Amino acid sequence: MSNFSKVIGSFRNKVIRSLKNGGFISLYRQLKVFFLIKTSKKTEFHFVQDYQKRVKNLIRSYPIDEAMSLAVGGNYFEIGNIEKDILLQYGLKPNMSIVDYGCGSGRLAHALPIEYNINYIGIDILDELINYAKTKSPANYKFIKHRKLSVPLNSESADMICAFSVFTHLLHEESYIYIEDMKRVLKKGGKLVFSFCEFGLPEHWPVFLSTVDNQRIGILPDLNTFIEKSVIKIWAERLEFKLLEMVDGNNKKFNGKCLGQSLAILEKPE
């Protein structure tokens, strides 16, 4: 049966039920909802258009290197090196396969040690960021543009997945779906490393206040999501991940420097 036939059949059944149960007023209300649902289709994330506009404005306003640094929060080389040191501390070894989800303009890809011969895949939503990341990375690194709630890779194909400053801009249900699919892609014993903001840390409070201030003056703020440690513990339990560690954003240093955001390290059971 074609999709059109299915819609017509569903429409007919809706008409019959509404006339039986509530007359023409009920029918009108039901059909209005029905057609709104059928004609609306979510094709992109809530943040894609806004982020694309922001990145294009940065490119117009700044030299390309500065624009690409600002697009991922600034401090391109410093943050990239901190992210690299985090992954090295939590088990990144030569010849491993790593997925950099939300790779942005390539600050981690640029920082990873070339001599490790890493099988690297960076995934992001914007061509502008991916194209720049390619210029800052070894030629064998792969990049994918992807705008769906999934990881576009084979099951059990990655030793490690990282998501720095990704879940901080997603709804909880979106983050949960991502983490669920990341588990599928990880090999047994593979690790997921991601950063997050939490209300429990005073250092993260200014991020929330900034969002509040923008809301007050009528500026549509970027989505800044806070995830408490208790939530991550529940997610790990429900998804049958082993929760190895959670690190406060400013309390643990990697080569003498802190990332700023907190960290969670999860492991797929053997």
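Miscellaneous remarks
- Calculated on the alpha-carbon coordinates, the convex hull of the range 203-270 measures out at 116 cubic angstrom per residue.
- Pairs from K183/K242; K84/K268; K84/K252; K188/K229; K84/K191 whose Cα-Cα separation, in the structure shown, is over 18 Å: K84/K268; K188/K229
- Straight-line cross-link partners of K136 among the aspartates and glutamates, defined as a Cα under 19 Å from its Cα and at least 8 positions apart when in the same chain: D65, E66, E78, E83, D85, D100, E115, D124, D127, E128.
- Per-peptide packing, taken as the mean over residues of other Cβ atoms within 10 Å, places 120-126, 84-90 in the sequence 120-126, 84-90 from highest down.
- Separation between Cα centres of the range 158-187 and the range 75-134, rounded to whole Å: 16
- Computed over the alpha-carbon pairs of the range 125-184, the distance histogram in 10 Å steps reads 18, 48, 31, 2 percent, short to long.
- Looking at the range 48-267, the pairs of alpha carbons with a distance over 31 Å make up 16% of the total.
- Taking the C-alpha atoms of the range 149-215, convex hull volume expressed per residue in Å³: 99
- Taking other C-beta atoms within 10 angstrom as a stand-in for reagent exposure, S195, S61 fall in the order S61, S195, fewest first.
- In order along the range 130-141, the phi-based Karplus estimate (6.51 cos²θ - 1.76 cosθ + 1.60, θ = phi - 60°) of 3J(HN,Hα) comes to 5, 4, 5, 4, 4, 6, 9, 10, x, 5, 7, 6 Hz; Gly and Pro are listed as x.
FYI, it's all coordinate maths here, none of it is from the lab. Predicted model, so just to flag it, every value in this text is computed and none were measured. All Cβ positions, even for glycine, are placed from backbone atoms using ideal geometry, and neighbour counts span all protein chains on display.
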